[in-house]
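K.L.:
Handing you this structure, nothing more for now.
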Amino acid sequence: GKYRVVSTKSMPGTRWIKLLVDQDCRLEICTEKKTILSVEDIISLIGNKCDGVIGQLTEDWGEKLFSALSRAGGTAFSNMAVGYNNVDVDAANKYGVAVGNTPGVLTETTAELAASLSLAAARRIVEADEFMRGGLYDGWLPHLFVGNLLKGQTVGVIGAGRIGSAYARMMVEGFKMNLIYFDLYQSTRLEKFVTAYGQFLKANGEQPVKWRRASSMDEVLREADVISLHPVLDKTTYHLVNKERLGKMKKEAILINCSRGPVIDEAALVDHLRQNPMFRVGLDVFEEEPYMKPGLAEMKNAIVVPHIASASKWTREGMATLAALNVLGKIKNYPIWADPNRVDPFLNENSTPPP
Ligand code: GLV
Ligand code: GLV
């Protein structure tokens, strides 16, 4: 291979490997056992000759790594993730390294996890499972694990991009929920979908679903029964859900987060869960992964899973493939991928993901 490409982790599937190897790349996959690599670990992986790196969201891609990559002759980096809050894009620009991410292929998989958590919270599935396994079930009772019916309730979506919109469509169409969403941008496609679905219901003699684009986030917090967070994490969305905003939600609301942990003030959330036993939460992400804030693990009204929203076989293989294509495209100067220093380089929600 003419080019040296490093992947900081083994990734699912083989297509991404074949892509690189077939295109003159010598691929090195890190076999280090520890889960989170340090900056120093990665600098030594980069070594003194490296054309591109496929990295992970657990790694801190800043000044140190981009300067090391640049010194090794590298010009390409791809995160194996759609989110890239772990990447300092300005630093990458400064050292002439193009940055890619993996949007598109994880939209539905991530939305499906948000929907799973919504249902699990609404119907108290995890608590009920523990109860059953604990040998506590001694017969059917009218009051046993009564949860809420989603049909006719309102789903609130904060951040109606690719994933937020897919989630909204699932909850509206799947469960006939009304929709209120907040986003700085209007989601015309989502609005058209919900309108058309409402007309379909009406034509069938059913109550049409109602929907509205809120003019503030607080409107969503006040009105929605299930609220799912889908913003990008940046300075403006850090602790977007804080003590004050938690206080605006219904006492029996369900809050879902499959975006990034720091979007919620997790310590304030633990207090809120303690004080409001009917408030429920489904979390895929945490403020300081892999840790949870003290008390969270003891809360029965919280469902917690370890950052698995994009974890379907199809999606993880697609992410690996896109990450490889990002790096390869830059190294080989393919026109559509070679646009340097841009994230979200070539896929949008209309694109067909690779098989
Ligand atoms: C996963 O969290 C991702 O951003 O792809
Ligand atoms: C419940 O199991 C019912 O039959 O209503």
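The values are calculated or read from the model by the stated rules, or taken from the named source; none is laboratory data. Computed from a predicted model, the values in this text were never measured in an experiment. Reconstructed Cβ throughout: ideal geometry from the backbone, glycine too, with neighbour counts over all protein chains shown.
K.L.:
I want to confirm something. Restricting to the range 207-250 and keeping residues that are of a type in the set (A, V, I, L, M, F, W, C) and in a loop (DSSP other than H, G, I, E, B), which single residue is surrounded by the fewest Cβ atoms within 10 Å (Cβ to Cβ)?
P.N.:
V232
K.L.:
Where residues in the range 103-118 are more than 9 Å from ligand 1 (Cβ to nearest atom) and not aliphatic (A, V, I, L, M), which of them is modelled with the lowest pLDDT?
P.N.:
G104
K.L.:
Right, something else. Picking from V39, V82, which residue would you name as being within 16 Å of ligand 1 (Cβ to nearest atom) and aliphatic (A, V, I, L, M)?
P.N.:
Just one listed residue meets the conditions, V82.
K.L.:
Report whether or not G152 is in a loop (DSSP other than H, G, I, E, B), small (G, A, S) and away from ligand 1 (no atom under 16 Å from the Cβ).
P.N.:
yes
K.L.:
While we're here: Can you give me the number of residues within the range 13-30 that are without any contact (Cβ under 8 Å) to a residue 24 or more places away in the chain and either in a strand (DSSP E or B) or among the polar types (S, T, N, Q) (or both)?
P.N.:
Counting residues in the range 13-30 that are without any contact (Cβ under 8 Å) to a residue 24 or more places away in the chain and either in a strand (DSSP E or B) or among the polar types (S, T, N, Q) (or both) gives 2.
K.L.:
Among the residues of the range 278-322, how many are surrounded by fewer than 18 Cβ atoms within 10 Å (Cβ to Cβ) and among the basic types (K, R)?
P.N.:
Of the residues in that region, 2 qualify.
K.L.:
One residue is enough: does the range 90-102 have a residue meeting the conditions at pLDDT 95 or above and within 16 Å of ligand 1 (Cβ to nearest atom)?
P.N.:
For the range 90-102, residues at pLDDT 95 or above and within 16 Å of ligand 1 (Cβ to nearest atom): absent.
K.L.:
Here are some conditions: (1) assigned to a loop (DSSP other than H, G, I, E, B); (2) within 16 Å of ligand 1 (Cβ to nearest atom); (3) over 13 Å from A323 (Cβ atoms); (4) modelled with pLDDT of 95 or more. K49 meets all but one. Which one does it not meet?
P.N.:
(2)
K.L.:
Would the range 312-331 turn up any residue that is in contact (Cβ under 8 Å) with a residue 24 or more places away in the chain, in contact with a helix residue (DSSP H, G or I) (Cβ under 7 Å, 6 or more places away or on another chain), closer than 26 Å to D183 by Cα and part of a loop (DSSP other than H, G, I, E, B)?
P.N.:
No, every residue in the range 312-331 fails to be in contact (Cβ under 8 Å) with a residue 24 or more places away in the chain, in contact with a helix residue (DSSP H, G or I) (Cβ under 7 Å, 6 or more places away or on another chain), closer than 26 Å to D183 by Cα and part of a loop (DSSP other than H, G, I, E, B).
K.L.:
Has the range 150-162 got at least one residue that is hydroxyl-bearing (S, T, Y), surrounded by fewer than 23 Cβ atoms within 10 Å (Cβ to Cβ) and out of contact with any strand residue (DSSP E or B) (no Cβ under 9 Å at 6 or more places or on another chain)?
P.N.:
For the range 150-162, residues hydroxyl-bearing (S, T, Y), surrounded by fewer than 23 Cβ atoms within 10 Å (Cβ to Cβ) and out of contact with any strand residue (DSSP E or B) (no Cβ under 9 Å at 6 or more places or on another chain): absent.
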